[in-house]
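Report on one structure; see the data block that follows.
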Amino acid sequence: MTSGEDTASFYVNASVVDTSGTQWNYSGFTSSATDRANQYAANGTDGKTTVFIGDSFFDAASWSWNNFYTDYAGKDALALGISSSTSFDWENFYLHNHAVLDMAPKNLVVNIGTNNFYDDHRSMQETVRDIERLFTCLHAAMPDTQIYYFSIALRADTTYSASISAANDALQEWCENRDWITFIDVEDKVTTGDLADGVHPNANAYRDIYMKELEAAGCVIEDK
């Protein structure tokens, strides 16, 4: 590519995505996806609302962050995560069930990846590729939305700890090369003592780590 006196060379890599695996079956989430779409339609405002999506970490309907609307009282924020979901499920929403992503929030805050490892048993390389592909889809759907991605938290079960750390490093580097997504590294901040059940953060960890780190990353959540 040449522009004036400047010349640059680059490679474009393309691949076919095999959607035949069981991890692509999102039929168990259709009801939850419809519910989240309805919540945004009723309470969200394009260009103003901050939306939290992903897995159970950001599912206010589950017990994991059931203080979300107390913690963000008076703020234009919605917790629309879906427990047990993976990057494949949210990519399926993009590909097949557009209603759940029929929004253009000011900020999109995402926690995804832990279930790719522990439920779908994906490798580090596969998980990085799958999450990068998801974010590419989300950005295509919401080009004016700033995305904030929390690193995959470690569990008390250390089976995938090394793979999670390596994936976080790779995803942080990937995010740093894109101005529409901000990587928030909480891997070393969330210890087993911050977990309510060995997996999910406890109430103090949400307030003292997740909320504070999101603010420090530059995410401004507007008042209602």
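FYI, it's all coordinate maths here, none of it is from the lab. Only a predicted model underlies this, so the values are computations on that prediction, with no experimental measurement involved. Cβ coordinates were reconstructed from backbone atoms using ideal geometry, including for glycine residues, and neighbour counts include every protein chain displayed.
Taking 35 Å as R0, compute the FRET efficiency from the Cβ-Cβ separation of ASN38 and ALA162 and round it to 0.05. Before the final figure, lay out the partial values.
Details: r = 40 Å, r/R0 = 1.15.
Computed FRET efficiency for ASN38 and ALA162: 0.30.
With only Lys, Arg, Asp and Glu charged, each at its Cβ (+1 for the first two, -1 for the last two), find how big the charge dipole of the chain is about the Cα centre; round to the nearest 20 debye.
I would put it at about 440 debye.
If we count other beta carbons within 10 Å of each Cβ, what is the order of ASP119, ASP59, fewest first?
ASP119, ASP59
If I model a spin label at ASP71 and HIS96 as a point 7 Å from the Cα along the Cα→Cβ vector, what separation in nanometres do I get?
3.2 nm
FRET efficiency for MET211 and ASP185, Cβ-Cβ distance as r, R0 = 25 Å, nearest 0.05?
Efficiency for this residue pair is about 0.95.
Which Cα, out of LEU134, PHE183, MET211, lies furthest along the positive dipole direction of the range 36-216 (beta carbon charges, K/R +1, D/E -1)?
MET211
Choose one of LEU108, THR158, HIS200: the residue whose Cα lies farthest towards the positive end of the charge dipole of the range 36-216 (beta-carbon charges +1 Lys, Arg; -1 Asp, Glu; about the Cα centre).
Highest projection toward the positive end goes to LEU108.
Find which of GLY81, LEU171, GLY47 sits farthest along the positive direction of the dipole of the range 36-216, computed with +1 on the beta-carbon of Lys and Arg, -1 on that of Asp and Glu, about the Cα centre.
Highest projection toward the positive end goes to GLY47.
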